[in-house]
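The values are calculated or read from the model by the stated rules, or taken from the named source; none is laboratory data. If you're wondering where the values come from, they're calculated on a predicted model, not measured in any experiment. Positions of Cβ are generated from backbone atoms using ideal geometry, with glycine treated the same way; all protein chains shown enter the neighbour counts. Quick note on the areas: whole protein, heavy atoms, side chains included, nothing else; ligands and nucleic acids left out. Shrake-Rupley method; radii C 1.70, N 1.55, O 1.52, S 1.80 Å.
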Amino acid sequence: MKVIHLNCGCMCPVGGALYDGFSKGIRAHLACHCLLIETENSGLVLVDTGFGTEDMRAPGSRLATFFRVMNNIQRKPSLTALSQILALGYQASDVRHIVLTHLDFDHAGGLTDFPQAQIHLMQREIDTSRQRDSWLARSRYRPGQWSGVSGWTGYHASGEKWFGFDAVTGLKGLPPEILLIPLPGHTQGHAGIAVQTDSGWLLHGGDAWFYQRELEHPRHCTPGLRFYQWFMAADNDVRRVNQQRLRELARHHSAEISLFCSHDFRELERMIAGGSPPDQNR
């Protein structure tokens, strides 16, 4: 399998380095890190979608005003997964599967761009997104992003293990090298996506953490992202427990697994350049 790292959205909240750790000006730069996986028999597999074409065309009808303003979401159609996949010479129909870490607006906005794809995620995330029983849930889960989308498959952890974590194996129609790793906390049904490649494992951690240096120590996070994680978490206690487990995973298995999250822009740049996140033990 070939794995391509994509940036499928740009958010520039006010705060600069207090958010992203590197920007010199007042605006920060946060990515939407997605994966495009070229498989031998399952077509293209997209891990998360970032923002979609309709999010760029009419953000007011698809995205909550609060998050559109707070995150200063940039309208860049060229960053959509669809635009980048077309530029690679593929068609939307070549994307046969989408595997989601969760259904937040900045992770699932491109679902309607790939109406023929099968969608895979934790069943608990599907159930939670349907309830939308609080202001935060109504703002983060945007049903307009899923309008008319079919082919959903929800999964439950089945007792399989991956480096000590619960895992969902045998995703319907997908190669066995792609796994769902339940990592609740940010949302109740949040999951990481593990992908086995010829050079080792990748773990797309979604929003289980927001800043690469958090895998060294919880205090090694920028103030802006530390607040945002707390604010967005469905269960902060569970989130912190899973984050600590991920630190241990990175500490003991960094030679076998490359871990990365969704929104660290510099980390995404390294992965696109063919590098790995820095060794968390240094």
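Points worth noting:
- For the chain, the solvent-accessible area with a 1.4 angstrom probe is 41 square angstrom per residue.
- DSSP beta bridges in the chain [antiparallel fraction, %, rounded to 5]: 65
- Rounded to 0.05, the FRET efficiency of the residue 135 and residue 240 pair, given R0 = 22 Å and the Cβ-Cβ distance, is 0.40.
- When the alpha carbon coordinates of region 19-176 are projected onto the principal axes, the ranges are 45, 41, 36 Å, largest first.
- Between residue 69 and residue 147, the FRET efficiency estimated from the beta carbon spacing at R0 = 25 angstrom works out to 0.60.
- Based on C-alpha pairs under 8 angstrom that are at least 6 apart in sequence, region 47-204 has a relative contact order of 21 percent.
- Plainly put, region 202-257 has a radius of gyration that is 0.96 times its Kirkwood radius, both from alpha-carbon atoms, as the Rg/Rh ratio.
- Residue 2 paired with residue 219, simple spin-label distance in nm, labels 7 Å along Cα-to-beta-carbon: 4.6
- Pairs of alpha carbons in region 54-104 separated by more than 16 Å make up 56% of all such pairs.
- Based on Cα contacts under 8 Å between residues 6+ apart, region 118-229 shows a relative contact order of 19 percent.
- Full-stretch length increase - residue 39, residue 198 - with 0.36 nm per residue and alpha-carbon distance subtracted: 56.0 nm
- Of the solvent-accessible surface of the chain, computed with a 1.4 Å probe and all protein chains present, 50% belongs to carbon and sulfur.
- Extended-chain gain in nm, criterion 0.36 nm per residue less alpha-carbon gap, residue 230 and residue 22: 72.7 nm
- Descending semi-axes in whole angstrom, ellipsoid equivalent of the chain, from the Cα gyration tensor: 24, 23, 19
- With the convex hull drawn around the C-alpha atoms of region 172-282, the volume per residue stands at 105 Å³.
- Dimensions (Å) - region 99-237, Cα atoms, principal axes, largest first: 41, 40, 27
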